[in-house]
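The values are calculated or read from the model by the stated rules, or taken from the named source; none is laboratory data. Given the structure is predicted, the values throughout are model-derived calculations rather than measurements. Note that we place each Cβ from the backbone using ideal geometry, even for glycine, and neighbour counts take in every protein chain shown.
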Amino acid sequence: AQRVTQPEKLLSVFKGAPVELKCNYSYSGSPELFWYVQYSRQRLQLLLRHISRESIKGFTADLNKGETSFHLKKPFAQEEDSAMYYCAAPHAGKSTFGDGTTLTVKP
Amino acid sequence: DAGITQSPRHKVTETGTPVTLRCHQTENHRYMYWYRQDPGHGLRLIHYSYGVKDTDKGEVSDGYSVSRSKTEDFLLTLESATSSQTSVYFCAINPGQGDSPLHFGNGTRLTVT
């Protein structure tokens, strides 16, 4: 079974600092991978997907097949980035989620 | 919000009572899912459906049942609620083809006392 691992449950950075949320996966073949974000009291929503290779709200994520990683990065964190972030891998119509990382950006 | 409504939004119930959570969508998508969200466990799939009367188990299906008699409604039932089922429950739909990103409802916070 495929697995998605987010090793950090909590991550705290100061405003303006770079931030990296880690995600590793175990999957055979070419994975599709997503990052979802959940702001306080809101529903989960898609942040970005690796296949689109775009930057959303200043975040980027690169798929590294050699390291089986899909880390989420932002060069300058903002207070409004404080949220729960989930890495997810869909397969055969179902999605497997990591345990999530709570990001806190301090002023 | 992809037209997903969950009800109720909050529920407090006693151990041993039956509870049904409802997920309603307005866009006739085939795939619907129930997840539970718990600290330290992320999101775990309970059950999912790929069409009317077609459902299957996820990774944490024990103690839960589902029904989908209409495309737009996916019901999650706890036959006899236990304290370990205290959680936030999210419904999701797959609005696209294959392994597309999911759209989520607002969640139902269930407390079993």
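Across the stretch B:24-53, the qualifying residues are those that are surrounded by fewer than 20 Cβ atoms within 10 Å (Cβ to Cβ) and small (Gly, Ala, Ser), and the one among them that is modelled with the highest pLDDT is B:Gly51. With respect to the conditions (1) farther than 19 Å from A:Ala83 by Cβ; (2) touching a helix residue (DSSP H, G or I) at 6+ places or on another chain (Cβ under 9 Å); (3) aliphatic (A, V, I, L, M), A:Ile51 lacks only one, and its number is (2).
Can you work out which of the residues in the stretch A:88-107 that are more than 9 Å from every other protein chain (Cβ to nearest Cβ) and in a strand (DSSP E or B) is surrounded by the fewest Cβ atoms within 10 Å (Cβ to Cβ)? I'd like the intermediate steps shown before the answer.
Step one: of the stretch A:88-107, the residues more than 9 Å from every other protein chain (Cβ to nearest Cβ) are A:101-107.
Imposing the further condition that a residue be in a strand (DSSP E or B) reduces the set to A:101-106.
On the way: A:Thr101: 21, A:Thr102: 16, A:Leu103: 21, A:Thr104: 14, A:Val105: 20, A:Lys106: 11.
Residue satisfying both the conditions and the ranking: A:Lys106.
This table checks each residue for (1) without any contact (Cβ under 8 Å) to a residue 12 or more places away in the chain; (2) in a strand (DSSP E or B); (3) surrounded by 20 or more Cβ atoms within 10 Å (Cβ to Cβ).
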residue	(1), (2), (3)
B:Thr55	no, yes, no
B:Glu59	no, no, no
B:Asp62	yes, no, no
B:Ser67	no, yes, no
B:Leu75	no, yes, no
B:Phe90	no, yes, yes
B:Gly98	yes, no, no
B:Leu110	no, yes, yes
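Of all the criteria given as (1) in contact with a strand residue (DSSP E or B) (Cβ under 8 Å, 6 or more places away or on another chain); (2) farther than 11 Å from B:Phe90 by Cα; (3) more than 8 Å from every other protein chain (Cβ to nearest Cβ), the one not satisfied by B:Tyr48 is (3). Reported count of residues in the stretch A:1-55, each being among the aliphatic types (A, V, I, L, M), modelled with pLDDT of 85 or more and farther than 19 Å from B:Gly42 by Cα, is 3. Screening the stretch B:1-43 for strands (runs of 3 or more DSSP E) wholly inside it with 1 or more residues that are closer than 21 Å to A:Phe97 by Cα returns the ranges B:4-7, B:19-25, B:31-38.
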